[in-house]
Amino acid sequence: MKRILLTFTLLTVLGVPACRKRTPKKARILSEEVQIKTEQGETIVAKGSLFLDESLGELELVEEVDAQQNSIRDDLSAEPLMAGDALFEEVANEQEALADRIWASRRVEQAKHGLHNIYFDLNKYAIKNSEQQKLEDNIKAAKKLVDGGTTIVVEGHACQYGGSPAYNMMLSEKRARIVANRLIKAGISEAQVKIVGRGNEMPIVMEEGEQRQAPNRRVEIYPLIEQ
């Protein structure tokens, strides 16, 4: 009979569902009825009561589970960040490589068609006398290109010593527009001339100093390269 009561007690304790609430509960009495098989193969019905204090040993279990879940969340959140950083770096490298290819293609197209950069003085957008001959050569080359249905890009640039980024953007657009106006005045259709201002975002030289930055104060003319 002692063995039967011990078995009943174990079954009753194991059968109590785990509770995950943080607030301790009052002690209560459970009444259960279970069927137990004896060693002789007989089935008997046993009844009993169990005094259960659910406030004991509960908080430690809850906090331990919370700690495990927080650890899992930390592990899961770390991997996407690492993957995201790697992906961002890969995309940045691809974009830089694409920009280099476009720049190289532009230089090849300029040289192939006899187009030249036009350079400007600091904070100026008037075409200098020393650049007039290059501009005339550009007009002749541009006419040949547009006759073949090609659009011409006139792209203005500024150096970092011109002023604020907004000012440099305005200055680069004025430089591009004054060159484009000369092309249009020479007979090139306005519809085949695309004007772009880049500010000081795309320097040719990175050295510090107003004189060393002179190559950045320019207008580039090149055929539109379709991507």
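Structure data summary
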quantity: Residue in the range 187-205 that is surrounded by fewer than 18 Cβ atoms within 10 Å (Cβ to Cβ), part of a loop (DSSP other than H, G, I, E, B), among the acidic types (Asp, Glu) and in contact with a Phe, Trp or Tyr (Cβ under 7 Å, 6 or more places away or on another chain) present; calculated: no
quantity: Which numbered condition Arg177 fails, given (1) closer than 14 Å to Tyr125 by Cβ; (2) under 29 Å from the mean Cα position of the chain (by Cα); calculated: (2)
quantity: Check on Glu210, in contact (Cβ under 8 Å) with a residue 60 or more places away in the chain, out of contact with any His (no Cβ under 9 Å at 6 or more places or on another chain) and either crowded, with 18+ Cβ neighbours inside 10 Å or among the polar types (S, T, N, Q) (or both); calculated: no
quantity: Which listed residue, of Ala142, Ala176, is under 28 Å from Glu208 (Cα atoms) and at pLDDT 95 or above; calculated: Ala176
quantity: The range 146-165, residues that are part of a loop (DSSP other than H, G, I, E, B), small (Gly, Ala, Ser) and within 30 Å of the chain's Cα centre (by Cα); calculated: Ala158, Gly163, Ser164
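The values are calculated or read from the model by the stated rules, or taken from the named source; none is laboratory data. Bear in mind the structure is a predicted one, so any value in this text is a computation, not a measurement. Ideal geometry is used to build each Cβ from the backbone, glycine not excepted, and the neighbour counts take in all protein chains shown.
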